[in-house]
1. Just to check your reading of the model, which residue among D256, D274 is within 22 Å of R21 (Cβ to Cβ) and either assigned by TED's automatic domain parsing to the domain that holds A363 or within 23 Å of the chain's Cα centre (by Cα) (or both)?
2. Just a yes or no: is a residue in region 138-151 surrounded by 16 or more Cβ atoms within 10 Å (Cβ to Cβ), within 12 Å of the ligand (Cβ to nearest atom), in a helix (DSSP H, G or I) and of a type outside the set (K, R)?
3. Would you please name the residue that is surrounded by the fewest Cβ atoms within 10 Å (Cβ to Cβ), looking only at residues in region 56-81 that are under 13 Å from the mean Cα position of the chain (by Cα), near the ligand (Cβ under 10 Å from one of its atoms) and among the hydroxyl-bearing types (S, T, Y)?
4. Any chance you could count how many residues in region 174-198 are more than 8 Å from the ligand (Cβ to nearest atom), touching a Phe, Trp or Tyr at 6+ places or on another chain (Cβ under 7 Å) and closer than 23 Å to L129 by Cα?
5. Among the numbered criteria (1) surrounded by fewer than 18 Cβ atoms within 10 Å (Cβ to Cβ); (2) out of contact with any helix residue (DSSP H, G or I) (no Cβ under 7 Å at 6 or more places or on another chain), which single criterion is violated by L129?
6. Quick one: would you say S96 is buried (at least 19 other Cβ atoms within 10 Å of the Cβ), within 15 Å of the ligand (Cβ to nearest atom) and in a helix (DSSP H, G or I)?
7. Is it fair to say L102 is without any contact (Cβ under 8 Å) to a residue 12 or more places away in the chain and within 17 Å of the chain's Cα centre (by Cα)?
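The values are calculated or read from the model by the stated rules, or taken from the named source; none is laboratory data. Predicted, not measured: the structure shown is a model, and the values here were computed from it. Using ideal geometry, Cβ is built from the backbone for each residue, glycine included, and neighbour counts are taken over all protein chains shown.
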Amino acid sequence: MPEDSTKTPARDPLDRSPPTRAEGLARLEAFLPGAGRAYAEGRNTDPGPEAPSAVSKLSPYLRHRLLTEEEVLSATLARHAPKAAEKFIQEVFWRSYFKGWLEMRPSVWQGYLATRDAAWDQVQTQSGLRRAWEEACLGETGIDCFDAWARELAATGYLHNHARMWFASIWIFTLRLPWALGADFFLRHLLDGDPASNTLGWRWVAGLQTPGKTYLATARNIRKFTNERFHPKHQLAAEALPVPGPENPPPMAAPDSDPLAPGRRAVLLLHEDDLSPGWLLEASFAPLATGVLDATGRLSHLAPAPHVPAFKAAAMEDALARHGAALGPVTRGLTSAEEITAWAREAGAEEIVTSYAPVGPSADILRGIEGLPLRRPLRGYDARAWPHATKGFFKFKDRIPGLLGALKGISPV
Ligand SMILES: Cc1cc2nc3c(=O)[nH]c(=O)nc-3n(C[C@H](O)[C@H](O)[C@H](O)COP(=O)(O)OP(=O)(O)OC[C@H]3O[C@@H](n4cnc5c(N)ncnc54)[C@H](O)[C@@H]3O)c2cc1C
């Protein structure tokens, strides 16, 4: 009997996506031949969790920088002409664009947290809303595609981009649930859960990111791009009015990089936003000791799905194992600015060095560090790309050829 393609067979999310750089590299290698035409033609189709798909599934590795954008882009350009792999290259730059956009508008992240908290209060006090939210999270709404995606996300830690768009659209416009609770649901389950791509992806669907422009999921589009696995005819909202919200703030200046200061007694702080610290260590930086920041407690009011902290913890261990000898004694599980400062002082440090943490839970914790200088070198890739995220992606896109040109000569991670 053929398998029911709407069911997600039980298999641990970390078996599907082992949290190592070696797995990221293997995925990249396997994907590269299809980064050209196959990706451009097939990327919009979500064939289901068990079927081969045209997309790379590199996001958990890129999100934690087990692989970097520049590595993925350089490897792509080594196999394809920029024009042939244009679509894939653009998608990788969407990540960089969103990070830069949020970096220059940190109040949008704080706004998300405040909107989520207010919605969370409502869920606790309004029984109707609570029921609807629970049904959506458990995949019990009666809308087959939506329910299957909720279960797929919980079981695998991943959803195809098109499924994320449909899911968010149905959450907001059909189920009429607060968008920030949907973003929170994603952050608690996605292996690639990312403050910038997730918050701005949900805001984009809701009509907050590009003011007035919403994304409406339709039964026809879902049918076509799920290979007819789903057809939610007459089940979806027919219109999508923008969610009200404040205007986007004007961009602040993009951050500067703090250069390393040889000769200073310093410790290295690793965090989930950059698990390839080789670029710092190769710049003749020899830390007295290394600490590992655990920011998962800041993700949500609710506990994340077990695979989320498990992926991050194992990815950290992978980074530590790759650089063992250069790191000095390692302290794991630092969760607050106070713990970090106490640990650094204990190690005899004059300063703490950490790869620049973009807007999100890690940066929120680091902001609280007092009494010891925090040195935050910024990768050259981010320093070049982020300042161009001043307006929409289409303006940013014009900068891609120049950003690709600058990839040459970048030292390995
Ligand atoms: C509502 C919503 C929420 C999202 N939340 C997240 C999130 O928390 N974390 C996350 O990494 N992505 C998020 N995305 C973006 C996108 O869906 C995923 O990056 C992509 O599906 C990952 O699968 P892939 O690696 O196979 O992508 P591919 O299609 O193979 O693309 C290659 C890489 O390009 C980048 N990329 C592709 N599409 C996008 C995009 N739309 N925005 C930003 N970067 C992109 C990713 O790094 C991805 O790994 C979200 C999108 C939506 C609509």
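1. The match here is D274.
2. yes
3. S59
4. Summing the residues that are more than 8 Å from the ligand (Cβ to nearest atom), touching a Phe, Trp or Tyr at 6+ places or on another chain (Cβ under 7 Å) and closer than 23 Å to L129 by Cα in region 174-198 gives 4.
5. (2)
6. Numbers: buried (at least 19 other Cβ atoms within 10 Å of the Cβ): yes; within 15 Å of the ligand (Cβ to nearest atom): yes; in a helix (DSSP H, G or I): yes.
Spelling it out, S96 is indeed buried (at least 19 other Cβ atoms within 10 Å of the Cβ), within 15 Å of the ligand (Cβ to nearest atom) and in a helix (DSSP H, G or I).
7. So L102 fails the test.
One line per residue, one yes/no per condition, for (1) under 30 Å from R379 (Cβ atoms); (2) among the aliphatic types (A, V, I, L, M); (3) out of contact with any Cys (no Cβ under 6 Å at 6 or more places or on another chain); (4) modelled with pLDDT of 95 or more:
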{"position": "T214", "(1), (2), (3), (4)": "no, no, yes, yes"}
{"position": "F225", "(1), (2), (3), (4)": "no, no, yes, yes"}
{"position": "K233", "(1), (2), (3), (4)": "no, no, yes, yes"}
{"position": "L236", "(1), (2), (3), (4)": "no, yes, yes, yes"}
{"position": "A240", "(1), (2), (3), (4)": "no, yes, yes, yes"}
{"position": "N248", "(1), (2), (3), (4)": "yes, no, yes, yes"}
{"position": "A253", "(1), (2), (3), (4)": "yes, yes, yes, yes"}
{"position": "S257", "(1), (2), (3), (4)": "yes, no, yes, yes"}
